[in-house]
Amino acid sequence: MNDETVKGMLRKAGLKVTNQRLLVLEVLEKHRGEHMTAEDIYELVKVDYPEIGLATVYRTVQLLLELQLVYRIN
């Protein structure tokens, strides 16, 4: 899925397209097919954006779950 499609989905859901959300999506795209926890994502995102908080990553992952852009594996 490309950036514009994802941005469109966020906007359609009435959500803002933020740098934090885009960075989380970028990390997920780079690690497609890997099983990652929110903590894994956080560690990779904070390399480029050290101001991001773990809670922001958790909220973003939850949002992506609700939009069915990512899936939870138990």
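Structure above, values below:
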{"item": "Å² of accessible area per residue within the chain, as computed with a 1.4 Å probe and no ligands counted", "result": "71"}
{"item": "Charge sum, other residues only, whose C-beta stays under 12 Å from Met9's C-beta, Lys/Arg counted +1 and Asp/Glu -1", "result": "+1"}
{"item": "Surface share of carbon and sulfur [accessible, 1.4 angstrom probe, percent] for the chain", "result": "50"}
{"item": "In nm, spacing of pseudo-spin labels at His31 and Ile73 (7 Å Cα→C-beta vector)", "result": "1.2"}
{"item": "Segment Lys16-Ala55, extension gain: residue separation times 0.36 nm, minus the distance between their alpha carbons", "result": "12.3 nm"}
{"item": "Length-normalised contact order for the chain - Cα pairs under 8 Å, 6+ apart - percent", "result": "25"}
{"item": "Longest segment of the chain lacking trypsin sites (Lys or Arg not before Pro) that sit in a DSSP loop with at most 13 other Cβ atoms within 10 Å", "result": "33-71"}
{"item": "Net charge of Cβ neighbours under 12 Å - reference Glu66; Lys, Arg +1; Asp, Glu -1", "result": "+2"}
{"item": "Mean shadow area of the chain over all directions, Cα convex hull, nm²", "result": "4.7"}
{"item": "Loop GluC sites (Glu not before Pro), the stretch 40-74, which have at most 13 other Cβ atoms in a 10 Å radius of their Cβ (DSSP)", "result": "Glu51"}
{"item": "Residues of type aspartates and glutamates that Lys7 reaches as a straight line, Cα spacing below 13 Å, ignoring anything fewer than 8 places off in the same chain", "result": "Glu26"}
{"item": "Within a Gaussian network of the chain (alpha carbon springs, distance under 10 Å), most fluctuating of Val45, Val17, Val57", "result": "Val17"}
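The values are calculated or read from the model by the stated rules, or taken from the named source; none is laboratory data. Being a predicted model, the structure only gives us computed values, none of them experimental. Note that each Cβ is placed from the backbone with ideal geometry, even for glycine, and that neighbours are counted across all protein chains shown. Accessible surface areas use protein heavy atoms only, side chains included; no ligands, DNA or RNA. Shrake-Rupley method; radii C 1.70, N 1.55, O 1.52, S 1.80 Å.
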